[in-house]
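**Q** Questions regarding the structure given below will be posed in turn.
The values are calculated or read from the model by the stated rules, or taken from the named source; none is laboratory data. Quick caveat: nothing in here was measured; it's all calculated off a predicted structure. Because the Cβ atoms are built from the backbone with ideal geometry, glycine has one as well, and the counts that use them run over all protein chains shown. When the accessible area is computed, the model is the full protein with side chains, heavy atoms only, and any ligands, DNA or RNA have been set aside. Shrake-Rupley method; radii C 1.70, N 1.55, O 1.52, S 1.80 Å.
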Amino acid sequence: MSFKKFIVSKGVIGALIIVLFYGLLMVGIYFSGYKVVPSKINQLPVAIVNQDKDSTTLKKQLKKSLPFKHVKTDLNMKQAKSQLNDRKVYLIIDIPKDFNANLKKIDGQSKGELKFYINYANPMTSVSAMETVAKSVGNHVQKSVLLQ
């Protein structure tokens, strides 16, 4: 059997058609599923949980400065974590108890730390965006605290 007869045989042509069809199918599925996510990142819901009664100003500033249209501020931590697990919220910014008081202490041992919760089971593009937002918010709050 010559090479030419082998190449034009039904088995080789059928395998080539299947490989091309499968490749086009995968490209079509990939682009239809992930193409729209980056343009709609600002529509993902996030939550700000304020457990410190003295940090209402910070909560308002965060809500105003976040690039998201849907910022939930009326949830407690249990509700927010439940919504994060159910993928109704993509990021939780937690202002812990005594956050403001810890910032005002000058003993050098107290820290005011914001906590960020991200559900890593979400699509990678949204997780990456939430990580970027968390770093940005953390840096912004740190700079404003240092200035004050």
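**Q** Here are several values of Rg/Rh (Cα atoms, Kirkwood Rh): [x] 1.57; [y] 1.33; [z] 1.10. Which one was derived from the coordinates shown?
**A** [y]
**Q** If you roll a 1.4 Å probe over the heavy atoms of the protein chains, what accessible area per residue do you get for the chain, in Å²?
**A** Details: 10750 Å² over 148 residues.
With the other protein chains kept in place, the chain gives 73 Å² per residue.
**Q** What list of ³J(HN,Hα) values in whole Hz, one per residue of the stretch 119-130 in order, does the Karplus curve 6.51 cos²θ - 1.76 cosθ + 1.60 (θ = phi - 60°) give from phi, with Gly and Pro shown as x?
**A** Computed from phi, the couplings for the stretch 119-130 are 8, 7, 8, 6, x, 4, 5, 6, 5, 4, 5, 5 Hz.
**Q** Run the numbers for E113 and L24: contour at 0.36 nm per residue of separation, minus the present Cα-Cα distance, in nm. Walk me through the numbers before you get to the answer.
**A** Details: separation 89, 0.36 × 89 = 32.04 nm, distance 4.82 nm.
Stretched fully, the E113-L24 segment lengthens by 27.2 nm.
**Q** Okay, moving on. Quick one: pull the percent of accessible area on the stretch 1-140 belonging to carbon and sulfur, 1.4 Å probe, ligands and nucleic acids left out. Provide the component values of the computation, followed by the final result.
**A** Details: 5890 of 9910 Å².
Reported share for carbon and sulfur atoms: 59 percent.
**Q** Can you show me the helix-derived [θ] at 222 nm for the chain, built from DSSP H runs with n ≥ 4 at -39,500 (n - 2.57) apiece and divided by the number of residues, rounded to the nearest 500.
**A** -17000 deg cm²/dmol
**Q** Be a star and scan the stretch 47-62 for residues whose amide nitrogen sits under 11 Å from the point 7 Å along the Cα-to-Cβ vector of D98.
**A** From the stretch 47-62, the list is empty.
**Q** Here's another thing I want to ask about it. When only alpha-carbon atoms are used, what values of Rg and Dmax, in angstrom, describe the stretch 40-101?
**A** Here Rg and the maximum Cα pair distance are 11.4, 37 Å.
**Q** Given H placed 1.01 Å from N in the peptide plane, which residues other than close sequence neighbours of K72 have an amide H under 5 Å from its amide H?
**A** Sorted by chain and number, the residues that satisfy this are V46, A47, I48.
**Q** Further question on the same structure: If the limit is 24 Å between Cα atoms, which of K40/K88; K64/K88; K69/K97 go over it?
**A** On the way: K40/K88 15 Å; K64/K88 20 Å; K69/K97 26 Å.
Correct reply: K69/K97.
**Q** Of all beta bridges DSSP finds with both residues in the chain, what is the antiparallel percent, to the nearest 5? Let's see the in-between values first.
**A** Details: 4 of 11 bridges.
Rounded to the nearest five, the antiparallel share is 35 percent.
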